[in-house]
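Have a look at the structure below before the remarks.
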Amino acid sequence: MKKNLIFLLLLYITAVSAQNTYRSPLDIPLVLSANFGELRPNHFHSGIDFKTQGVINKKVYAIEEGFISRISVSPSGYGLALYIDHPNGQTSVYAHIESFIPRIADYVKAKQYEQESYKVDLVLRAGELPVTKGEFIAYSGNTGSSGGPHVHFEIRNTADQVALDPLVYYKESIEDITPPQLRGIAVYPIENVGIVNGNSEKVYRTSIKKDKKGEYLPIKDTIKVWGRVGVGVNTIDRMTGTNNIYGVKTVRLFCNDEEIFKSDITAVDFADTRMINTMTDYDYWVNKRVFYEKSFIEPGNTLPIYTARNNGYIDVEEEKVYKLRYELEDLYGNLTSYSFHINGVRQDFPKPKECTVMMRRNEDNFYEGDLFSITVPKNALYKDHCFTLNKNFSNKRYMSSLYKVNDSYVPLDKSGEMTIKLTKDSLQNKFQYGIVKVTNNKESWVGGTYYNGAMTTKISELGGSYAVSYDVEAPEITPIQPAKWIAEGKIVIKVTDNKSGIASYRGTINGEFALFEHDVKKPLYIYRFDPQRVKKGQTHKLVFTVTDACGNQASYEYEFKY
């Protein structure tokens, strides 16, 4: 559900008025490793990351009274996470947890055995697990898709789960007198109506330098523009006392001293978070892994973070110098200003390229060939796009041609569907086929469904290269030092797969479900002996079975006396 700007500003004002009412979730000095609204692959960062001094198992506390409304346990994503609903209508979230306190851990474990799954997402009734302000609830960790020990912390509006900037509440506890930094700018000619330096290609200035006094140096060369253009910026923030890189909260663009664009990230609606891919230069990010933020608003961009004149576009219709200025500001008011200019120079527009397949943003789009087809639904594109397709028949390692699905990377706000016809269909077990994405001669498994000699899968972007491959090998199971399992109180098993990846696993002891933990960062599966479920002084039989995404299965059996 889309939120209008006024509503989000009201949420922000509510947050500001409530600051300092929450206690800290940690009892160590607060230092951030990531801030709110940072640009991430396919999403905005919806919280702040508190450092935990490089280690796990720091105590985590409830910031206010309330009740635990949700507990999630996953090998990826947030790992172990707690959600606490508070009486003021807000929810606090604590993620990448190492372990919960006993009363919460026991509740979770009972549900995991009930559902016979390590991965659970539990919704609790009000009052089922109450907490008090400052209550010790968990130990910090590094679980799930975490790059190091920290606590990912969020504050959400309970009613709709819109995430607010938690730093508002802890601003006084964290010093910051360091302004943001500008690293590069880009100028974008708008297709068929704008031109830069004589052609329709984007222009980047990727190395903005400073002089010995720390002042930004001007761009050396002249950027000549005509017609409608947009501008983008590569920028980062810093905080006092750390070496981390953060996202910039507020970006303003001025043209001839008039503000024409402003973005201000004060809240994140998870329903909108994928629109980061139209806010940024997606093709540049995929190829360079560097984010350029566009200071103009494309037709399909409905993020409620903007105020803009003419949607931020600059119409260059006079032969003169257009003075531009960026202002970058963080939550603390630290400000960086950078001035540059573009020259209005009348230029001949190149002949528009021919377009065989034009995909429209506000229509359902279809391309169908003999061996390849794709569907892009209405409102999946952020703007109209000329679709291209190239195929390579000669690659013999695949069961189909290799298709380059568009000549540049274009994000989709919702999934399209792609079908590739097999040119070789020799496997008896059709579940062993799968589509792979090929990047620099390296494959990543996409998967899909086989039907009538073709594979179909969802697709979230245009621009990749795809072909049909197969996986006929079962995963490999390796017990890790079984002779030490009893002494160490845990069973450790390593699982690897050659191609399609692990889809499911199950462990049993004496035919009963056994809870094996797993974290996506390691190929290890761990069972911790539970005397209530495994009796001592008896011989027990372990069976561990794992299945990959193509249905290939492996099993390991072991008898032990506990």
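The values are calculated or read from the model by the stated rules, or taken from the named source; none is laboratory data. As the structure is a computational prediction, the values presented were derived from the model and not from experiment. Neighbour counts run over all protein chains shown; Cβ positions are idealised from the backbone, glycine included.
Pick from Arg397, Arg346, Arg325: which is surrounded by 13 or more Cβ atoms within 10 Å (Cβ to Cβ) and not polar (S, T, N, Q)?
Going through Arg397, Arg346, Arg325 in turn, the sole match is Arg325.
Ile493 - would you say it is surrounded by 15 or more Cβ atoms within 10 Å (Cβ to Cβ), aliphatic (A, V, I, L, M) and in contact with a His (Cβ under 8 Å, 6 or more places away or on another chain)? Here the answer is no, as Ile493 does not meet what is asked. Kindly indicate whether Pro102 is modelled with pLDDT of 95 or more, more than 17 Å from the chain's Cα centre (by Cα) and closer than 18 Å to Ala163 by Cα. Judged against the criteria, Pro102 is not a match.
For segment 522-562, filtered to residues that are without any contact (Cβ under 8 Å) to a residue 24 or more places away in the chain and not in a strand (DSSP E or B), the residue that is surrounded by the fewest Cβ atoms within 10 Å (Cβ to Cβ) is Gln532.
Of the residues making up segment 186-204, not a single one is surrounded by 14 or more Cβ atoms within 10 Å (Cβ to Cβ) and touching a helix residue (DSSP H, G or I) at 6+ places or on another chain (Cβ under 7 Å). Selection within segment 207-265: residues that are among the polar types (S, T, N, Q) and surrounded by 13 or more Cβ atoms within 10 Å (Cβ to Cβ). The member of this set that is nearest to Lys288 (Cα to Cα) is Asn234. Taken over segment 278-312, the criterion of being more than 17 Å from the chain's Cα centre (by Cα) and either among the polar types (S, T, N, Q) or surrounded by 21 or more Cβ atoms within 10 Å (Cβ to Cβ) (or both) is satisfied by Lys294, Ser295, Phe296, Ile297, Asn301, Thr302, Ile305, Thr307, Asn310, Asn311, Gly312.
Being crowded, with 19+ Cβ neighbours inside 10 Å and either of a type outside the set (A, V, I, L, M, F, W, C) or closer than 19 Å to Tyr527 by Cα (or both) is a property that Tyr78 has. Cβ separations smaller than 6 Å between residues 6+ apart or across chains give the following pairs from segment 110-131 residues that are at pLDDT 95 or above to residues that are among the acidic types (Asp, Glu): Tyr118/Glu517. Here Lys404, Lys414 are screened, and the one residue that is under 19 Å from Asn301 (Cα atoms), within 26 Å of the chain's Cα centre (by Cα) and not aliphatic (A, V, I, L, M) is Lys414. Count of segment 263-280 residues, restricted to those that are closer than 20 Å to Leu381 by Cβ and out of contact with any Asp or Glu (no Cβ under 8 Å at 6 or more places or on another chain), is 4.
Considered as a group, the residues in segment 478-521 that are in contact with a Phe, Trp or Tyr (Cβ under 7 Å, 6 or more places away or on another chain) and assigned to a helix (DSSP H, G or I) include one that is farthest from Val446 (Cα to Cα), and that residue is Ile486.
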